[in-house]
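Comments concern the structure below.
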Ligand SMILES: Cc1ncc(C[n+]2csc(CCOP(=O)(O)OP(=O)(O)O)c2C)c(N)n1
Ligand SMILES: [Mg+2]
């Protein structure tokens with residue numbers, strides 16, 4: 001592997017891990033309200049796939065989307081400030097953790113409703129088609145979302161109209177506390193692709209290089225005008241579903257087994273062994289990332305609250321309906 005690519009993978013996975021751990025700490029201190037769904041364990045998926053994408057591609061994600069947003073170029077400051085509900089956040093403090101958005105960076109959200117991402121992604125892809133653009137929409141979703149009607153309807157329409165969408169399943173084996181074999185008749189999500197006549201495959205989602213390579217191939221397939229593709233990344237989340245979940249439904253042994261395959265730590269070891277990065281370089285990167293995160297927290301703390309909470313949301317409802325009774 002090229003040293004520059006190894007460096008990017010390690011830097012971004014470290015940033016992803018440490019940003020999320022810092023967010024958890026800020027949540028317990030009462031600085032972040034609402035729900036908070038974190039990504040540790042799944043970093044190789046967003047980092048590997050979005051390094052393979054073009055900056056002109058579009059991204060739609062779920063409520064577990066901080067890292068996808070970061071990989072689209074939204075700064076750690078703007079994301080942390082959004083989690084704090086501050087006016088300097090990427091959604092001006094109105095969205096919070098589940099509703100990050102940045103049109104300029106082609107990050108089309110953060111959606112709280114399971115299965116909501118699919119229609120948004122195919123709508124954006126249809127628009128791209130109308131513009132004759134050769135870009136792709138990367139649509140991220142969880143294993144639980146594959147049981148929603150919108151998944152099947154959207155796969156059908158995307159296939160029928162040969163829309164440029166890369167559906168990426170982050171199969172972490174759980175829909176909140178329900179393990180995949182108890183919530184889905186089909187436990188290998190990529191197999192759904194064949195029902196709609198599209199190509200799909202499963203990849204080790206704990207291996208950043210494997211995700212990167214699989215995404216490059218999938219994007220090539222979609223950009224060549226073959227229509228959508230379904231890439232399933234086999235992964236695991238180390239924390240609970242959200243900060244409100246203690247994760248009592250899975251054994252400590254299971255979590256420990258999956259932690260032995262930690263995508264960040266195994267990549268660090270591999271990078272040193274293969275001479276892509278030295279131990280010192282890894283330490284330096286980690287120190288730089290810590291500084292970046294401290295800066296993001298200071299920025300969020302010192303940023304102002306939105307001036308008028310009725311702006312965009314409430315006022316719009318008033319305009320539409322002439323007042324709230
Ligand atoms: C339509 C809908 N039903 C139920 C919920 C409650 N809910 C929030 S997250 C979730 C689990 C989704 O699991 P999965 O798609 O595997 O994503 P993960 O959280 O594992 O990343 C559920 C049922 C919701 N947000 N939307
Ligand atoms: Mg899941």
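The values are calculated or read from the model by the stated rules, or taken from the named source; none is laboratory data. Please read all numbers here as calculations on a predicted model, not as lab measurements. Heads up, the Cβs are rebuilt from the backbone with ideal geometry, glycines too, and the neighbour counts pull from every protein chain shown.
One table, with the values for the structure above:
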item	result
Filter result for residue 13 (free of Cβ contacts under 8 Å to residues at least 60 places away in the same chain and either buried (at least 24 other Cβ atoms within 10 Å of the Cβ) or closer than 26 Å to residue 229 by Cβ (or both))	no
Region 92-123, residues that are surrounded by fewer than 21 Cβ atoms within 10 Å (Cβ to Cβ) and part of a helix (DSSP H, G or I)	119, 120, 123
In region 124-170, the residues that are out of contact with any helix residue (DSSP H, G or I) (no Cβ under 7 Å at 6 or more places or on another chain), within 16 Å of ligand 2 (Cβ to nearest atom) and part of a helix (DSSP H, G or I)	none
Test: residue 181 is farther than 30 Å from residue 266 by Cα and either at pLDDT below 95 or out of contact with any helix residue (DSSP H, G or I) (no Cβ under 6 Å at 6 or more places or on another chain) (or both)	no
Residue selected from region 171-188 under the condition in a strand (DSSP E or B) and surrounded by fewer than 19 Cβ atoms within 10 Å (Cβ to Cβ), by the criterion farthest from ligand 1 (Cβ to nearest atom)	179
Single unsatisfied condition, residue 89 versus (1) closer than 22 Å to residue 168 by Cα; (2) crowded, with 23+ Cβ neighbours inside 10 Å; (3) out of contact with any strand residue (DSSP E or B) (no Cβ under 9 Å at 6 or more places or on another chain)	(1)
Verdict on residue 166 being more than 14 Å from ligand 1 (Cβ to nearest atom), surrounded by 15 or more Cβ atoms within 10 Å (Cβ to Cβ) and under 16 Å from the mean Cα position of the chain (by Cα)	yes
Any hit, region 259-270, residues being within 16 Å of ligand 1 (Cβ to nearest atom), surrounded by 18 or more Cβ atoms within 10 Å (Cβ to Cβ) and within 15 Å of residue 174 (Cα to Cα)	no
Residue in region 57-72 that is part of a loop (DSSP other than H, G, I, E, B), closer than 29 Å to residue 222 by Cα, touching a helix residue (DSSP H, G or I) at 6+ places or on another chain (Cβ under 8 Å) and within 13 Å of ligand 1 (Cβ to nearest atom) present	yes
Whichever residue in region 101-123 is more than 16 Å from ligand 2 (Cβ to nearest atom) and in contact with a strand residue (DSSP E or B) (Cβ under 7 Å, 6 or more places away or on another chain) and, among such residues, is farthest from residue 66 (Cα to Cα)	122
Residue match in region 184-205 (condition: within 19 Å of residue 69 (Cα to Cα), touching a residue at least 12 places away in the same chain (Cβ under 8 Å) and either touching a strand residue (DSSP E or B) at 6+ places or on another chain (Cβ under 6 Å) or within 13 Å of ligand 2 (Cβ to nearest atom) (or both))	yes
Inter-residue pairs, beta-carbon under 9 Å, first more than 23 Å from residue 216 (Cα to Cα) and modelled with pLDDT under 95 and in region 130-154, second more than 15 Å from ligand 2 (Cβ to nearest atom) and assigned to a helix (DSSP H, G or I), 6+ apart	none
